[in-house]
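None of the figures in this text is laboratory data; all of them are computed from the coordinates on show. Computed from a predicted model, the values in this text were never measured in an experiment.
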Amino acid sequence: MFLSLCLFIPGLIDYFSGESQNFYLFKIAGFSFIAAIPVWLLSRKAHSFSNRDVFLVTVFSWVLASIFGSFPFYFSGYFPSYPDALFEAVSGVTTTGATILTDIESLPKSILLWRAFLQWIGGLGIVVFTIALLPLLGVSGEKLFNLEFPGPSSEKMTPRIQETAKILLGFYVGFTFVEFLLLSYSMTFFNAICHAFTTMPTGGFSTFNSSINDQSVYVKAVILLFMIIGGTNFVLHFRALRGGFRSYIRDREFLYYVGLIAIISSMILLISYITSNGSGILDTIFQVVAILTSTGYTATDYELWSPYVKQFMLFGLMFVGAMGGSTSGGMKLIRVVAIFKYARMELKRALHPKAIIPIRIGSKVIEDEVIRKTLGFFLFYIMFFFFASLSFSAMGIDMESSFGAAASGMGNIGPSLGQFGPTDTYLGLPLAGKFIMMFCMFLGRLEIFAVLVLFTKTYWRT
């Protein structure tokens, strides 16, 4: 219902701009709103949902949002087929940033705004709105919050999940508005709001064919700042609001986050200086942050970089992701750190089998249960990455492009390597490949377990 109401905004833009006179956006919005009323009325009669119901509601809310979001694309006539329109919608809702469009600037403003808005909703917005609305159906918001924001860095901001939702919403809307104001200084009103909508969810849909490549230094710097903000744990933003800027410095994961950006950027810039081949300082840092935070923007064609070791570094970042509790995709940095610390602990135990060696991140001891879940997540993540890679390769796609597309889909990034690089699109991906890519997007966005549990016999027998 919420999405159908929001569709009236691009519908009004479409009408008053004179881009279309067939009112198809209003028709879709009206039909969807009416169709959602019976579902809403029936759901209000449910007094409580179990944990298994929450899994189902979570996954299907994302699927239905993608299906509904695809209708404006398909009926606009700018997409070759419905699967292509669905691919674009799934990419938007999961904040992946992969596109099949070859000429974005030819699209009407209503469609461009809808693309951007899908990513904004698909980021933290849809999480907050769902947390706020599900208690009306008798569902504990905390159950859903744990599904959307799992990981070792999960922590509460307030005792009540609804209060937490309001705080998250405030930060999300506030950061979006501030970025819009800063971008509007150097961009048109429309482009500023579209890029603000797609930066905070670390999505990356742009209104330009060249993404951010041809924009001013000022625009790149502003978007770079808000990509870093979007990739930061929102709980940490709240702590910084109460405790000052030092809260960032005292957080070990944030230091890992900033340190990784600095190290990878410095290594790429050093190699570029030695080989006299590469991009400028700002463009290099921008691209590193864009991939680490899973934001699909591109500020340079990194496929032209040589030697190839620099692309390999970017490929590695596709798996890492930014901080836990952020809107970014990937494994999340805190999980990667926990896995490395676990590996180091096992090496120490090989020398001292009877030693009790706790795994610490900063001053916090990571519980064994968290480590088990992290290792399980890592195993499934790598397994589905190779499954997607081999599937793409079996369709005749070269290995570089196959591995890049799989990493991009699982990490909710967008542009990848080879024929799906920063200046290319996914239009040429075979139909089966597009559905595999969409499945990877959902897996990455919903942290794998929320999706896979629906495919187990135990779930349906319970």
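How big is the gap, in Å, between the Cα center of the stretch 221-292 and the Cα center of the stretch 409-424?
If we compute the Cα centre of each part, the gap is 20 Å.
Taking a cut-off of 16 Å between Cα atoms, list the aspartates and glutamates near Lys457, but don't count ones fewer than 8 places away on the same chain.
Cross-link targets: Asp53.
Kindly give Rg over Rh for the stretch 235-341, based on alpha-carbon atoms, with the Kirkwood expression for the hydrodynamic radius.
We get a ratio of 1.01 for the stretch 235-341.
On full extension of the chain, what length is gained from Glu369 through Ile249, given 0.36 nm per residue of separation minus the C-alpha to C-alpha distance?
Full extension of this stretch gives 40.4 nm more.
What translational diffusion coefficient, in µm²/s and rounded to a whole number, does the Stokes-Einstein relation yield for the stretch 312-384 at 10 °C and a viscosity of 1.306 mPa s, taking the hydrodynamic radius as the Kirkwood radius over Cα pairs?
Working: Rh = 13.4 Å.
Result for D is 118 µm²/s.
What is the distance in Å between the Cα centroid of the stretch 348-403 and that of the stretch 78-113?
Their Cα centres are 32 Å away from one another.
Which whole-number percent is the relative contact order of the stretch 203-285 (Cα, under 8 Å, 6+ apart)?
So the answer I get is 20 percent.
Among the listed pairs Lys348/Lys373; Lys220/Lys310; Lys166/Lys220; Lys310/Lys332; Lys310/Lys348, which are separated by more than 24 Å between their Cα atoms? Walk me through the numbers before you get to the answer.
Numbers: Lys348/Lys373 22 Å; Lys220/Lys310 21 Å; Lys166/Lys220 30 Å; Lys310/Lys332 21 Å; Lys310/Lys348 33 Å.
The pairs that break the limit, which is 24 Å between Cα atoms, are Lys166/Lys220; Lys310/Lys348.
Under the classification rounded if a/c is under 1.5, otherwise prolate if a/b is larger than b/c and oblate if not, where does the stretch 154-296 fall, given a ≥ b ≥ c as square roots of the Cα gyration tensor eigenvalues?
Oblate, because a/c is 1.5 or more while a/b does not exceed b/c.
Evaluate the relative contact order of the stretch 49-95 (contact order divided by residue number), counting alpha-carbon pairs under 8 angstrom at least 6 apart; express in whole percent.
Values: 27 pairs, mean separation 17.7, N = 47.
Here the relative contact order equals 38 percent.
Taking the Cα atoms of the stretch 366-438 alone, what are Rg (to one decimal) and Dmax (as a whole number) in Å?
Calculated on Cα positions, Rg and Dmax stand at 14.1, 45 Å.
According to the square roots a ≥ b ≥ c of the eigenvalues of the Cα gyration tensor, what is the shape class of the stretch 364-406, taking rounded for a/c under 1.5, prolate for a/b larger than b/c otherwise, and oblate for the remainder?
Cα axes put the stretch 364-406 in the prolate bin.
Which value results for Rg/Rh of the stretch 332-462 when Rg is the Cα radius of gyration and Rh the Kirkwood radius based on the inverse mean 1/r? If you can, show how the numbers build up before the last one.
Details: Rg = 18.3 Å, Rh = 16.8 Å.
The Rg/Rh ratio comes out at 1.09.
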